[in-house]
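The values are calculated or read from the model by the stated rules, or taken from the named source; none is laboratory data. Bear in mind that the values here come from a model prediction, so they are computed numbers and not experimental data. Cβ: placed from backbone, ideal geometry, glycine included. Neighbour counts: every protein chain shown. The area values use the complete protein model at the heavy-atom level, side chains included, leaving out ligands, DNA and RNA. Shrake-Rupley method; radii C 1.70, N 1.55, O 1.52, S 1.80 Å.
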Amino acid sequence: MREMAGLFITFEGPEGSGKSTQIRLLHEILTQRGLTVVATREPGGTRIGNAIRNLLLDPAHTEMSPRTETLLFQAARAQLVDEVIRPALVAGQVVLCDRYADSTLAYQGYGHGQTLGALQQLGEYATGGLTPALTIYLDIDVRVGLERKRAGAAEEWNRMENHALAFHQRVRSGYLALAVAAPARWLVIDAAQSVAAIHAQILARVTQLIEHHT
Ligand code: TYD
């Protein structure tokens, strides 16, 4: 889907990897450089997507079946693609998305053991085949990440974070496997570094991408 005028960049990582901070910094600098940037997140980013998000992340919903969970993530994604991401790309804008289809592969696939092939097919359907030009993966030791997230008082402690440490470790190794399988699309960054150092690495790669893109 690179034929669209805009640039689609996604951010992935385990809990507490610092995605939102890095998205904010990248958003600021690209805007200063005169680009129109849309930042959004999954699950959510639309009215319907936010309603689905509340269903998904409510800690009371302990009975949710893994397939229901997958379909709800994909439903929120389909709405976000159609309502926000695709129109922005068609208009030539830069889209920064906090989590996308790779999150389902990492969490529902590697984490919960659902079949990767089925998840990939559902992802294709939900996104209409829209793949990011670049996926920035912020890699963090899951214990450190979960601790960071717990320390952020304003952050809600959601249902996904209540899973055992082993689940989050599978998610992290799943991400690393996905990155190794498609190195041209993934930028893997050690998220234990300072915010400024991480930002510099992201900006260098994105600048390069923009130069080649235009
Ligand atoms: P959120 O509070 O947005 O967490 P984060 O700041 O880490 O992005 O909650 C999103 C949670 O949903 C997070 O635990 C990851 C999980 N998730 C999936 O399991 N599958 C998915 O497809 C997506 C998009 C998110």
Please verify whether region 135-150 includes one or more residues that are at pLDDT below 95, of a type in the set (A, V, I, L, M, F, W, C) and outside any helix (DSSP H, G or I). no
Of (1) open to solvent by 10 Å² or more (accessible area, probe 1.4 Å); (2) in a helix (DSSP H, G or I); (3) touching a helix residue (DSSP H, G or I) at 6+ places or on another chain (Cβ under 7 Å); (4) not acidic (D, E), G109 satisfies every one except (1)
For region 27-63, give me each residue that is within 11 Å of the ligand (Cβ to nearest atom) and over 20 Å from the mean Cα position of the chain (by Cα). none
Given the structure, is Y125 at pLDDT 95 or above, of a type in the set (F, W, Y), away from the ligand (no atom under 13 Å from the Cβ) and part of a helix (DSSP H, G or I)? yes
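With respect to L25, determine if the residue is part of a helix (DSSP H, G or I) and either farther than 21 Å from H213 by Cβ or in contact with a strand residue (DSSP E or B) (Cβ under 9 Å, 6 or more places away or on another chain) (or both). Steps first, answer last, please.
Numbers: part of a helix (DSSP H, G or I): yes; either farther than 21 Å from H213 by Cβ or in contact with a strand residue (DSSP E or B) (Cβ under 9 Å, 6 or more places away or on another chain) (or both): no.
Criteria not met by L25.
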Can you list residue pairs whose Cβ atoms sit under 8 Å apart, with the first residue in region 53-81 being without any contact (Cβ under 8 Å) to a residue 60 or more places away in the chain and closer than 21 Å to P132 by Cα and the second being open to solvent by less than 10 Å² (accessible area, probe 1.4 Å) and aromatic (F, W, Y)? Count only pairs 6 or more apart in sequence or on different chains. R77/Y100
